[in-house]
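K.L.:
Pasting a structure here, questions to come.
The values are calculated or read from the model by the stated rules, or taken from the named source; none is laboratory data. Remember, it's a predicted structure, so these values are computed and weren't measured experimentally. Cβ coordinates were reconstructed from backbone atoms using ideal geometry, including for glycine residues, and neighbour counts include every protein chain displayed.
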Amino acid sequence: MRKKLKVLLLFNTPYATPRGYAFKDEFADPDNMYTEANVQKALKQNGYQVSLLGLHQDIRPLFEEIEFFKPDVIFNLMELFDGNTHMDHNMAGLLEMIGIPFTGASSGSLFLCNDKALAKKLLRFHQLKVPEFYTFQQGDPISLPRALKLPCIVKPLNEEASRGISQASVVDTEKAFIDRVKFIHQKMHTAAIAEEFIEGRELYATVIGQKRVSVLPVREMVFTKQAEDEPRIATYKAKWDDKYRKRWGIKGKIATGLTPEVQSEITAVCKRAYRALNFNSYARFDLRLTSEGQVYMIEPNANPCIAQADEVALSADKAGIAYPELIRKIVHMALK
Ligand SMILES: Nc1ncnc2c1ncn2[C@@H]1O[C@H](COP(=O)(O)OP(=O)(O)O)[C@@H](O)[C@H]1O
Ligand SMILES: [Mg+2]
């Protein structure tokens, strides 16, 4: 009999757990660690031998688990370490040093994507359309730069999942602009990026592959009940608050009615960005499509959410790639 492939499923936890902990309660709760639970199930469906390891503030259990379980491959779901989102690239860097193949983005790609300004500078070099932007470190003097046209959107420079983004993030006066930058500095304790606001449709494109890459069917966040003068953006609540989504008719769906020109522009833009950022597994791009058919890259996401009900897996499903097959592909890309 062929030996089962040994996969170590590695993720971050909000508290310390001993090695060998089974996460029974956590994985059974649909509001809790559902991505981890989904991936574990899919790995098992593929016939792999799976071991779970949650890391909180201590890195040593990783070395112990590797010694004990001897994984062939690590499925890397580490999004943060000790509460720090930017440490995802350190984790990938550590895995690179250890030398066991792991899934998803390299430390380099994670590093580039963690800084919304750095990623934009690089994408612009590759002639991709990105919004004009300006960054404000904490302590910098704050004023509206001449080069930026209002309305703008003000965001944390290094955050994810729309943390720190609400309807109030979109500003159309100098005073509101300055106040929002101050808010990011004082309440989020981080640097801010202000970008010109791109009016348009909110699209998500998943790209998967190595030498040959595919852009999966594009998805869209639609806002069916929002007032005309309200910005239609993926705020924290629009992404994560089910009651709020229901109230404002915010839904995710496959994008329809894209002209062949727009579709091929999206494909070209995403493939170019994928290569520019050295992706080698899977990634998701947040795009805005203007009424003139211009495609703006808002944000490249390294190691985007791969829960079964999230954008990447839903795009894959539309392309005929069922969830266990998607997880299998991701594992096999790591092994190449
Ligand atoms: N320049 C922009 N123009 C229009 N909408 C934007 C812009 N930047 C961000 N948004 C909106 O805010 C959302 C979150 O911004 P994003 O940069 O993707 O941050 P996060 O990393 O938190 O997802 C986007 O999906 C989009 O709806
Ligand atoms: Mg985003």
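K.L.:
Can you tell me which residues in the stretch 181-196 are more than 20 Å from the chain's Cα centre (by Cα) and within 13 Å of ligand 1 (Cβ to nearest atom)? Let's see the steps before the verdict.
P.N.:
Taking the stretch 181-196 first, the residues more than 20 Å from the chain's Cα centre (by Cα) are 181-187, 189, 196.
184, 196, listed by residue number.
Table: residues versus (1) out of contact with any Asp or Glu (no Cβ under 8 Å at 6 or more places or on another chain); (2) away from ligand 2 (no atom under 16 Å from the Cβ).
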{"position": "163", "(1), (2)": "yes, no"}
{"position": "218", "(1), (2)": "yes, no"}
{"position": "232", "(1), (2)": "no, no"}
{"position": "235", "(1), (2)": "yes, no"}
{"position": "254", "(1), (2)": "no, yes"}
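K.L.:
Same structure, new question: Residue 175: under 22 Å from the mean Cα position of the chain (by Cα), part of a helix (DSSP H, G or I), surrounded by fewer than 21 Cβ atoms within 10 Å (Cβ to Cβ) and at pLDDT 95 or above, yes or no?
P.N.:
It is false that residue 175 is under 22 Å from the mean Cα position of the chain (by Cα), part of a helix (DSSP H, G or I), surrounded by fewer than 21 Cβ atoms within 10 Å (Cβ to Cβ) and at pLDDT 95 or above.
K.L.:
Considering only residues that are of a type outside the set (Asp, Glu) and in a loop (DSSP other than H, G, I, E, B), look in the stretch 58-71 and name the one that is nearest to residue 334 (Cα to Cα).
P.N.:
71
K.L.:
Spot the failing condition for residue 19; the list is (1) in contact with a Pro (Cβ under 7 Å, 6 or more places away or on another chain); (2) closer than 26 Å to residue 162 by Cβ; (3) modelled with pLDDT under 95, and only one is missed.
P.N.:
Failing condition for residue 19: (2).
K.L.:
Scan the stretch 230-245 and report the pairs whose first residue is hydrophobic (A, V, I, L, M, F, W, C) and whose second residue is away from ligand 1 (no atom under 12 Å from the Cβ), with Cβ atoms within less than 8 Å and a gap of 6+ or a chain change.
P.N.:
Within 8 Å, the pairs are 238/244; 238/245; 238/248.
K.L.:
Just wondering, is there one or more residues in the stretch 308-328 that are within 16 Å of ligand 1 (Cβ to nearest atom), closer than 23 Å to residue 50 by Cα and buried (at least 17 other Cβ atoms within 10 Å of the Cβ)?
P.N.:
Yes, the conditions are met somewhere in the stretch 308-328.
K.L.:
Examine the stretch 121-129 for a residue that is under 21 Å from residue 19 (Cβ atoms) and of a type in the set (Phe, Trp, Tyr), and state whether such a residue exists.
P.N.:
No; the residues of the stretch 121-129 include none that is under 21 Å from residue 19 (Cβ atoms) and of a type in the set (Phe, Trp, Tyr).
K.L.:
Still on this structure, I have one more. In the stretch 313-327, which residues are within 16 Å of residue 47 (Cα to Cα) and of a type in the set (D, E, K, R)?
P.N.:
Answer for the stretch 313-327, where residues must be within 16 Å of residue 47 (Cα to Cα) and of a type in the set (D, E, K, R): just 325.
K.L.:
Looking at 327, 321, 298, which is the one that is assigned by TED's automatic domain parsing to the domain that holds residue 254, away from ligand 2 (no atom under 16 Å from the Cβ), modelled with pLDDT of 95 or more and touching a Lys or Arg at 6+ places or on another chain (Cβ under 8 Å)?
P.N.:
Criteria check complete, one pass: 321.
K.L.:
Also, I was wondering about something else. Restricting attention to the stretch 128-142, which residues are away from ligand 1 (no atom under 13 Å from the Cβ) and touching a residue at least 60 places away in the same chain (Cβ under 8 Å)?
P.N.:
Across the stretch 128-142, the qualifying residue is only 128.
K.L.:
Of all the residues that make up the stretch 269-288, how many are surrounded by 22 or more Cβ atoms within 10 Å (Cβ to Cβ) and either away from ligand 2 (no atom under 11 Å from the Cβ) or more than 26 Å from residue 197 (Cβ to Cβ) (or both)?
P.N.:
At the first step, the residues of the stretch 269-288 found to be surrounded by 22 or more Cβ atoms within 10 Å (Cβ to Cβ) are 269-270, 273-274, 277, 279, 281-285, 287.
Of the ones still in play, those that are also either away from ligand 2 (no atom under 11 Å from the Cβ) or more than 26 Å from residue 197 (Cβ to Cβ) (or both) are 269-270, 273-274, 277, 279, 281-283.
Residues flagged as surrounded by 22 or more Cβ atoms within 10 Å (Cβ to Cβ) and either away from ligand 2 (no atom under 11 Å from the Cβ) or more than 26 Å from residue 197 (Cβ to Cβ) (or both) within the stretch 269-288 amount to 9.
K.L.:
Scanning the stretch 30-50 for residues that are more than 24 Å from the chain's Cα centre (by Cα) and surrounded by fewer than 18 Cβ atoms within 10 Å (Cβ to Cβ), which turns out farthest from residue 156 (Cα to Cα)?
P.N.:
From the stretch 30-50, those more than 24 Å from the chain's Cα centre (by Cα) are 44-50; that's our starting set.
Next cut, surrounded by fewer than 18 Cβ atoms within 10 Å (Cβ to Cβ) only: 44-47, 49.
Values: 44: 38, 45: 39, 46: 39, 47: 41, 49: 40 Å.
Residue satisfying both the conditions and the ranking: 47.
K.L.:
For residues in the stretch 1-40 being assigned to a helix (DSSP H, G or I) and among the small types (Gly, Ala, Ser), which is farthest from residue 63 (Cα to Cα)?
P.N.:
Among residues in the stretch 1-40 that are assigned to a helix (DSSP H, G or I) and among the small types (Gly, Ala, Ser), the one farthest from residue 63 (Cα to Cα) is 28.
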